[in-house]
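Engineer: I'd like to ask some things about the structure below.
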Amino acid sequence: MKALITTSLAATLMAACVSTTPPAPANLGPLHGMPPQFQVLDRSTGSAHAASGPDCQSPLVDPRDGTRLVLMRSNNGAGDYRPDSIRYGLTISQLLRVDCHSGRPLGAVPAER
């Protein structure tokens with residue numbers, strides 16, 4: 001009985017230690033040339049519309065010049081996107097974090113976590 005309690009307690013403690021990696025903080029510091037909001041590209045029609053709803057959609061598009069951004073990962077209503085070319089002051093090792101509800105850029109984040 002003592003072994004069962006000890007095993008159960010150990011399992012509970014281990015489960016309490018499990019966590020997910022929190023998203024890296026976004027940094028708008030050196031970024032430039034972004035639109036106030038990105039739009040969602042409808043692949044079937046080729047038209048773009050304002051981002052809305054709880055889900056991160058892909059691809060996004062810069063409404064000024066058509067630059068496409070592909071969703072790489074998402075968490076808690078924010079998506080980390082890779083533009084189709086190096087833009088906005090991002091480096092090759094960075095992604096652009098975008099608020100999925102509004103399409104508003106939030107900043108640069110590391111591509112690798």
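The values are calculated or read from the model by the stated rules, or taken from the named source; none is laboratory data. What you see is a predicted model; the values in this text were computed from it and never measured. Cβ: placed from backbone, ideal geometry, glycine included. Neighbour counts: every protein chain shown. With ligands, DNA and RNA removed, areas are computed over all heavy atoms of the protein, side chains included. Shrake-Rupley method; radii C 1.70, N 1.55, O 1.52, S 1.80 Å.
Engineer: Return the residue satisfying two criteria in turn: it lies in the stretch 38-63 and is part of a loop (DSSP other than H, G, I, E, B) and closer than 19 Å to Gly107 by Cβ, and of such residues it is nearest to the chain's Cα centre (by Cα). First the steps, then the outcome.
Structural biologist: Kept after step one, since they are part of a loop (DSSP other than H, G, I, E, B), are these residues of the stretch 38-63: 38, 42-47, 51-59, 62-63.
Retained after the next criterion (residues that are closer than 19 Å to Gly107 by Cβ): 38, 51, 56, 58, 62.
Details: Phe38: 13, Ala51: 14, Cys56: 8, Ser58: 11, Asp62: 16 Å.
Here the answer is Cys56.
Engineer: Any idea which of Leu96, Leu69 is open to solvent by less than 20 Å² (accessible area, probe 1.4 Å), modelled with pLDDT of 95 or more and out of contact with any Ser or Thr (no Cβ under 9 Å at 6 or more places or on another chain)?
Structural biologist: On the way: Leu69 fails: out of contact with any Ser or Thr (no Cβ under 9 Å at 6 or more places or on another chain).
Going through Leu96, Leu69 in turn, just one is open to solvent by less than 20 Å² (accessible area, probe 1.4 Å), modelled with pLDDT of 95 or more and out of contact with any Ser or Thr (no Cβ under 9 Å at 6 or more places or on another chain): Leu96.
Engineer: Can Gly103 be described as on the phi > 0 side of the Ramachandran plot, under 12 Å from the mean Cα position of the chain (by Cα) and at pLDDT 95 or above?
Structural biologist: Numbers: on the phi > 0 side of the Ramachandran plot: yes; under 12 Å from the mean Cα position of the chain (by Cα): yes; at pLDDT 95 or above: yes.
In short, yes.
Engineer: Take Gly79 and decide whether it is among the small types (Gly, Ala, Ser), modelled with pLDDT of 95 or more and under 17 Å from Asn27 (Cβ atoms). Let's see the steps before the verdict.
Structural biologist: Details: among the small types (Gly, Ala, Ser): yes; modelled with pLDDT of 95 or more: yes; under 17 Å from Asn27 (Cβ atoms): yes.
So Gly79 fits the description; yes.
Engineer: Another question, then. Write out, first by first residue and then by second, each pair whose Cβ atoms fall under 7 Å of each other, whose residues are 6+ apart or on separate chains, and whose first residue, in the stretch 58-76, is free of Cβ contacts under 8 Å to residues at least 60 places away in the same chain and more than 11 Å from Val98 (Cα to Cα) while the second is of a type in the set (Asp, Glu) and open to solvent by 50 Å² or more (accessible area, probe 1.4 Å).
Structural biologist: Note: pairs meeting the criteria are Thr67/Asp84; Arg68/Asp84.
Engineer: Considering only residues that are assigned to a loop (DSSP other than H, G, I, E, B) and open to solvent by 30 Å² or more (accessible area, probe 1.4 Å), which ones fall in the stretch 72-88? Break it down into steps so the answer makes sense when it comes.
Structural biologist: Going through the stretch 72-88, the residues assigned to a loop (DSSP other than H, G, I, E, B) turn out to be 76-77, 84-88.
Asn76, Asp84, Ser85, Ile86, Arg87, listed by residue number.
Engineer: Also, I was wondering about something else. Within the set of pairs 6+ apart or on separate chains, which have a first residue in the stretch 88-113 that is without any contact (Cβ under 8 Å) to a residue 40 or more places away in the chain and over 17 Å from Val40 (Cβ atoms), a second that is in a strand (DSSP E or B) and among the β-branched types (Val, Ile, Thr), and C-beta atoms under 6 Å apart?
Structural biologist: Leu95/Val109
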